[in-house]
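The values are calculated or read from the model by the stated rules, or taken from the named source; none is laboratory data. Model, not experiment: these values are computed from the prediction. Please note: Cβ atoms are built from the backbone with ideal geometry, for glycine as well, and neighbour counts cover all protein chains shown.
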């Protein structure tokens, strides 16, 4: 006879709920890589033995958090994004904005669990069906419109990026409302109505700056180690081997791995959008398509993973978080010094620059999951979005691009 599952006691169910709430709180406090069953049990008010009686290890706890709490929330967010893509409107954009602004702790933790699962085989085994069904395989299935599937996947990732940023840097409700309104406007153009992409420059493989200076070499080595193995697994010894120096030589220049990672952000990743040949020229047809293709190019995979790993680390490290915020606002700050724009134009330009920045980040993060849309599929999403960002603000974008060019020339770039 088949065995029947015995009903669990009310106390056991209450313990489960306490552990899950504590597990999510600990993910937000220390991150997936530093999660400890002992700390989770202590936060839940349980003994060490009681926690281990329920879970064999941290991986099993993460699997339970995903299946019991995060999966349903992730599907709910996906459905909101799908509704906005299928029937773009101000009301549906407001629904998505409300979801992000009222997100639960499990929603914030979901970003980390989804994008670190690739490094944790047990967790990845559980998360992979969701990734395949919703984020990766959706635009490859013959029974679905790939351009629509891609739009939903990007919007889903973009919503998580916005949610994670709000959790780290605080909500700006006015900026967020404008953010989703712009997205709704871009999504209002059906994919089939978008013409073929113009001739685009091929993706620019990212190459860290060559230098004989040890400080720069260490920044480049840190970039590579973090991008390939993650921030937590990037040890001083591994970085020293990559830079062909001793750990002692590193400590003469940097006090910690944290300082090395911040230097890598400043030196290796500095102002990527402002690199020669990649002007932030939103008024040019195909510019956003070209930029997003660059973000997902296999040749730039390490760069995408470095950005993602630093984003995850910044959720738990105040100095890294401050460095990310400085990088995020670096380009936006240019809008405030444009003399021929009024205050309204400066505010709108800043909002639209934030959309561009988050779009690029979201596409890069998707690429770490194995996303590989074609140029045509990506153009069907990116070009209407670019037009929505530019519409009525061509003067502001041209003034911005001119100012960026002058800053680059002043820097000798």
Legend entry - Index of the failed condition, residue 132 passing every other in (1) in contact with a helix residue (DSSP H, G or I) (Cβ under 8 Å, 6 or more places away or on another chain); (2) not in a loop (DSSP other than H, G, I, E, B): (1)
Legend entry - Check on residue 115, farther than 15 Å from residue 86 by Cβ, at pLDDT below 95 and buried (at least 23 other Cβ atoms within 10 Å of the Cβ): yes
Legend entry - Of residues in region 313-336 being under 25 Å from residue 397 (Cβ atoms) and out of contact with any helix residue (DSSP H, G or I) (no Cβ under 7 Å at 6 or more places or on another chain), the one surrounded by the fewest Cβ atoms within 10 Å (Cβ to Cβ): 333
Inset, instruction - Could you check region 1-98 for helices (runs of 4 or more DSSP H) lying wholly inside it with 3 or more residues that are more than 30 Å from residue 382 (Cβ to Cβ) and touching a residue at least 12 places away in the same chain (Cβ under 8 Å)? - result: 10-30, 37-44, 48-54, 58-65
